[in-house]
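Colleague: The structure under discussion is supplied below as structure tokens; questions concerning it will follow.
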Amino acid sequence: MTKRYFEFNDDKSSKFWEVSVTGKTVNIRYGKLGTDGQTSIKELSTPADAESHAEKQAAGKLKKGYKEV
């Protein structure tokens, strides 16, 4: 998986969310637009599990109204 980057903008907030997978590691970066944001790293048991987890997280963001850019 390459890096996937999403943004959400409405009257109350402007934020981003980004996910990438390297081997068994899922790296998620999120925060307000214009900032470096925060990073969350999760280690899973296999690379396939990591890919699946990342896809599930990305699908959840799309469902919440984020747009992939």
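The values are calculated or read from the model by the stated rules, or taken from the named source; none is laboratory data. Because the structure is predicted, anything quoted here is derived from the model rather than measured. FYI the Cβ positions are ideal-geometry reconstructions off the backbone, even for glycines, and counts take in every protein chain you see. In case anyone asks, the SASA skips ligands and DNA or RNA and just uses the protein heavy atoms, side chains included. Shrake-Rupley method; radii C 1.70, N 1.55, O 1.52, S 1.80 Å.
Colleague: Scan segment 1-21 for residues that are under 20 Å from residue 52 (Cβ atoms), of a type in the set (D, E, K, R) and open to solvent by 30 Å² or more (accessible area, probe 1.4 Å) and jot them down.
Modeller: 3, 4
Colleague: Let me ask something else about it. Hey, any hits in segment 22-31 for a residue that's of a type in the set (Phe, Trp, Tyr) and open to solvent by 40 Å² or more (accessible area, probe 1.4 Å)?
Modeller: Applying the first criterion (of a type in the set (Phe, Trp, Tyr)) to segment 22-31 yields 30.
Now narrow it down to the ones that are open to solvent by 40 Å² or more (accessible area, probe 1.4 Å): 30.
Yes, segment 22-31 contains a residue that is of a type in the set (Phe, Trp, Tyr) and open to solvent by 40 Å² or more (accessible area, probe 1.4 Å).
Colleague: Name every residue in segment 10-54 that is acidic (Asp, Glu) and in contact (Cβ under 8 Å) with a residue 12 or more places away in the chain, in order of residue number.
Modeller: Passing the criteria: 10, 18, 43, 49, 51.
Colleague: So, in segment 42-62, exactly how many residues are more than 15 Å from residue 4 (Cα to Cα) and either of a type outside the set (Gly, Ala, Ser) or assigned to a helix (DSSP H, G or I) (or both)? Before the answer, list the steps.
Modeller: At the first step, the residues of segment 42-62 found to be more than 15 Å from residue 4 (Cα to Cα) are 42-49.
Filter once more, so that each one left must be either of a type outside the set (Gly, Ala, Ser) or assigned to a helix (DSSP H, G or I) (or both): 42-44, 46-49.
Going through segment 42-62 one residue at a time, the tally reaches 7.
Colleague: Here is a list of conditions, (1) in a loop (DSSP other than H, G, I, E, B); (2) open to solvent by 50 Å² or more (accessible area, probe 1.4 Å), and residue 65 meets all of them except one; can you say which number that is?
Modeller: If we test residue 65 against (1) in a loop (DSSP other than H, G, I, E, B); (2) open to solvent by 50 Å² or more (accessible area, probe 1.4 Å), just (2) comes out false.
Colleague: Can you pull out every residue in segment 1-25 that is at pLDDT 95 or above and of a type in the set (Lys, Arg)?
Modeller: 4, 15, 24 - these are the residues of segment 1-25 that are at pLDDT 95 or above and of a type in the set (Lys, Arg).
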